[in-house]
Amino acid sequence: MRRRIAVVGAGPAGLTFARVLHRHDHPVTVLERDPAPDARPPGGSLDLHEGLGRLALAKAGLLAEFDALSRPEGQAMRILDTDGTVLRDWRPRPDERANPEIDRGHLRDLLLGPLDVRWGRGVTRVVPGTEDGVRVDFEDGRQETFDLVVGADGAWSRVRPAVSAGTPRYTGVTSVETSLDDVDTRHPELARLIGDGSLAVYGVNRSVVAQRNSGGHVKVYAKFRAPLDWHADLDPADDEAVRAALLALFDGWAAPVLDLLRQGTAFFHRPFHALPVSHTWTHVPGVTLLGDAAHLMPPLGAGANLAMLDGAELAEALATCSGDPDEAVRAFEERMWARAGRWAEITTAGLERLVSPDPAEAVAQFDQVQPA
């Protein structure tokens, strides 16, 4: 197989796909809108699961390197009541590696490795079925054709319209992200509160989650049910106004929990959107989707894992195909849809429990996933 293959998006799905093809000595063109790997903050930490993200890394030949970079201690989880009472304090065993954490930036660099990414190549449209193959239109007006175009370009995919009219819908839950730097030195009390992994506090229809990353960096997420335009009267660039609005929303919670918001350095609005649970499409020769482009779901720890496994499995199917590559893509889509559908149901139900009128539902959700 020496087809012209392009993957749009240099996130976990696209890079895993390209890295596995590279391991099988098959060329692939990686197209990414960002002008450079560090053009924007990479986001928070990820836990990669056995049978999902870790399996994908094994297929890419990167599991040993991942284990050297990952933080098994980051699996720890502490849950507080809104008054500061500790409800759960789970810590992994020394040999526990079911879901080790890794910073997104470290994972990106690991996957990039020898790959040659075309940075700053924003895609506007993909047109299948042209005389020369699948046409890719770029923001700068240029065009290029390929035999297969894989959309791994996230929630608002520019590739998706070539196969599906599906559009992400707001879940009713939004998140405001902030962060703390050098937490162990500058905020030692908060560092002790958070511990080695994550801290979660659940209230009525809202929560505060703090997640330790490497290098003393902590991501803090205030999550709550609200209209999509809840911040219409706020200037999103006015950090103090956003901070005041959040502190009012969480008024009455324990002072150390509110300090996570008081000490935040900047605030970013991140509403949760999702595609329909059973999102599928009629197969289109020459185009397919991976990860959030194919099955965007609530961010409860499955998305990046599924995206990476999507990429690894499609790459292996193409690299080992002895017949019609399009049939290999079609068969892959069927497997991906079945798996993603199961996880979409789990994460949709999970979001209902984690941001719930009854905070006890969130604790019960944790107990099901991670029994004491």
Contour minus end-to-end for GLU189 and ASP83, with contour as 0.36 nm per residue of separation and end-to-end as the Cα-Cα distance?
36.5 nm
I need the peptides 120-127, 302-309 ranked by packing, meaning the mean over residues of other C-beta atoms within 10 angstrom, with the highest value on top.
302-309, 120-127
What part of the accessible area of the chain, given as a whole %, is carbon or sulfur when the probe is 1.4 angstrom?
50 percent
On the formula 1/(1 + (r/R0)^6), with r taken between the Cβ atoms of ARG262 and GLN370 and R0 of 30 Å, the FRET efficiency rounded to 0.05 is 0.55
Once R0 is set to 41 Å, what does the formula 1/(1 + (r/R0)^6) return for the Cβ-Cβ distance between GLU73 and HIS26, expressed as a FRET efficiency to the nearest 0.05?
0.65
Give the ranking of GLU177, GLU352 by solvent-accessible surface, highest area first, calculated with a 1.4 Å probe.
GLU352, GLU177
Checking rank on 340-351, 36-47, with mean other Cβ inside 10 Å and highest first, the result is 340-351, 36-47
Computed from the beta carbon distance with a Förster radius of 30 Å, FRET efficiency for GLU345 and VAL204 to the nearest 0.05 stands at 0.75
Using only Cα atoms, locate the centre of region 320-363 and the centre of region 123-143, then give the distance between them in Å, rounded to an integer.
29 Å
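Report the full-extension gain for the segment THR282 to LEU247: residue separation times 0.36 nm, less the Cα-Cα distance, to one decimal in nm. Don't jump to the answer; show the numbers that get you there.
On the way: separation 35, 0.36 × 35 = 12.60 nm, distance 4.70 nm.
Once the chain is fully extended between THR282 and LEU247, it gains 7.9 nm.
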In cubic angstrom per residue, the convex hull of region 64-143 built on its Cα atoms measures 215 Å³
Could you work out how far the C-alpha centroid of region 249-294 sits from that of region 173-242, in angstrom?
13 Å
For region 263-347, take the alpha-carbon Rg, divide it by the Kirkwood Rh, and send me Rg/Rh.
1.09
Radius 9 Å from Cβ of LEU309, net charge of other residues (Lys, Arg +1; Asp, Glu -1)
0
Taking region 115-166, the whole-percent share of alpha-carbon pairs separated by over 18 angstrom is 29 percent
Cα pair distances in region 1-99, grouped into 10 Å bins until the bin that holds the longest one, percent each:
13, 32, 30, 16, 7, 2, 0
Kirkwood Rh over Cα pairs of region 188-244 into Stokes-Einstein at 4 °C, 1.567 mPa s: D in µm²/s?
98 µm²/s
Sorted largest first, extent of region 157-255 alpha carbons per principal axis (Å)
50, 30, 27
Hey, what's the chain come to in accessible area per residue, 1.4 Å probe, Å²?
43 Å²
List the relative contact order of region 270-359 as a percent without decimals, with contacts defined as Cα pairs under 8 Å and 6+ residues apart.
34 percent
If the label point sits 7 Å along Cα→Cβ of ASP38, residues of region 106-139 with amide N under 15 Å come out as 106-110
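The values are calculated or read from the model by the stated rules, or taken from the named source; none is laboratory data. All figures in this text were calculated on a predicted structure; none of them were measured in a lab. So basically every Cβ, Gly included, is an ideal-geometry build from the backbone, and we count neighbours across all protein chains shown. Protein only, heavy atoms only, side chains kept; ligands, DNA and RNA dropped before computing areas. Shrake-Rupley method; radii C 1.70, N 1.55, O 1.52, S 1.80 Å.
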